Structures are given as C-alpha cells and as structure tokens.
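See below for the structure under consideration.
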Amino acid sequence: MKSMSIRTMNTSHWRQPIVSSDKIEALTEEELKNGVLRNSGYRFYKEEDFDVFVKYLMENWNLGYKKAKISHRLAAEIYAHFTLSESQIMIVDKFKTSGFASYQCALITEESECQVYHKAQFEKLISAYPSIKPYYEAESKIENFQKQKSNNYLQILIVGKKYQGQNIGKTLFEFIRNIEYQLWFKNQNHDKANLLQELSVYTTTDCNVSFYERLKGKLVYEESSIPDGDIPAKAMIFRFPVLNYSWE
C-alpha cells in the first residue's frame, strides 16, 4: 500500500481554543511558544515529521502486524494516526528529530483540527484492514481504564534507535511533565485544579518498563496478560507527581 503520510494537513495548530471558564483551559500555542518551548531544544510536531515518526515506531515495536498479516510499515502508519488523534500536544527534538513525546488531558474534551484529521485517517485504515482491529481493542481496554483513573497522561514517548542511551527519553519525559505543570499553573484557581497534579503513563512489559521505574513512578495498575502486538505482555500504569519535583 502506498504510504499515507500527511501531506495536505496544516498540523502546526496543536492547541485547543480557549474554552469557557467552567472548563479547564488548554494551553494555547502562543503560551507554549513563549513559555516552556522558548529557548528549549523542542518544537511542535510538523507534518514532515510523519515518516520519521513511523520509522521510529517500526524500530521499537511490532504493532501487531504479524497477526494482522499486514506490512510492518502499514501497521506503524495506522498506529501513528491513532497516536496523533489522541494527542493534544506533540513535541519533537528540534535539532535532530531524535524523539517524540505527546500529552493528553482528559479534562479537555475539545479536539483540534489535527486530531480530527488523524482520527478520520485511523478509522479509514481500520475499516480497510479489519484484521488489525483486535490489537486496538486491547489498546482501547487499557486506555479507557487509564482515562477513568487518570486525568492527564503521556500518550507516547519514543526515541530513535540510534539516539537511545543518551538521556533523550528522560529529558522528553520531564519536558512533558513540565508542560502539565504549566497547565496546572494556568488553572490553579479552578475547582478541578487538584486533578492536574499527576501524570500517568501506560506501558507494557515488551517496552522499557525499567525506564519508568528508574524515574520513580508509582505503579497503580497491572494487567497480567494482554495481546500487545504479537507478544503477550503485561500492561502497567505508572503515576508521577507534577507539582513537587525538580525541573532542570
């Protein structure tokens, strides 16, 4: 199948619009650019990053392609659309495009134009290749549980193989945690501000669980076996404090 990379979509507008005062207000693109992104080594995801993102997905995970009997590339593209449809903020290392990290706040329900686009692409591909559906049914089970138990979570953190072992993942993770701190700071007088004080991470044992253990995450959920890709895996959810941590 021909690659379905993003070529016609303006993906620079990741921020949700400011919403009414009775809701948690998202960080705007301008606030992020003038705040945590200013003078940092990160930038927003852009449409030309799609192929690199897919490449890193292929390098790190099988994504169910063997059981689905589709190509690894196609499975990675489907997962890329799924991730981007679920991500309110996606950041990228601006100098080497060495890694990607994205964030979702369940208290903000509005979707950006970019999320709507990727959701449509994901649903189109799932419909065209129904053999991959069981993989996402398993993913949805854990993600729905996570949304019920946590208001803010890391949607994805991935680093290219040749860049691993250089603390890039740790720095990306801390940057996402700092973004959530900024979200809490903006909404600190809201009656739901206390729900913005923790960041959760869903991962499985065929990923680098020890990475989150080293960051001293608190294990809050464990599922003995789920069909994650082509490897039976244990699902785990870690939770990290946002307010009282050292940001370097």
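Every number here is computed from the coordinates shown, using simple stated rules; none is lab data. Keep in mind the model is a prediction, meaning the values are calculated, not measured. A quick note on method: Cβ atoms are made from the backbone with ideal geometry, for glycine too, and the neighbour counts reach across all protein chains shown.
Computed quantities for the displayed model
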read-out	value
Extension gain (nm, one decimal) between residue 163 and residue 223, 0.36 nm per residue minus Cα-Cα	18.6 nm
Linear extension gain, residue 120 paired with residue 210, 0.36 nm per residue minus alpha-carbon span	29.0 nm
Between the stretch 122-158 and the stretch 38-87, the alpha-carbon center distance in angstrom	13 Å
Rough spin-label spacing in nm, given labels placed 7 Å along Cα→Cβ, for residue 194 and residue 147	2.5 nm
Cα centre as origin, Lys/Arg/Asp/Glu Cβ charges: the stretch 29-241 dipole, Debye	560 debye
Using a Förster distance of 22 Å, the FRET efficiency for residue 170-residue 52 (Cβ separation, nearest 0.05)	0.60
Sparsely packed GluC sites (Glu not before Pro) within the stretch 84-185, loop by DSSP, other Cβ within 10 Å at most 14	110
Lysines with Cα under 29 Å of residue 66, excluding same-chain neighbours fewer than 8 positions away	2, 55, 119, 124, 133, 141, 147, 161, 162, 234
Net charge contributed by nearby residues that have their C-beta within less than 9 Å of residue 199 (K/R +1, D/E -1)	0
For the stretch 112-119, 3J(HN,Hα) per residue [Karplus equation, 6.51 cos²θ - 1.76 cosθ + 1.60, θ = phi - 60°, Hz, x = Gly/Pro]	7, 4, 5, 4, 4, 4, 5, 4
Amide H contacts of residue 63 (H built 1.01 Å from N, under 5 Å, at least 5 apart or other chain)	230
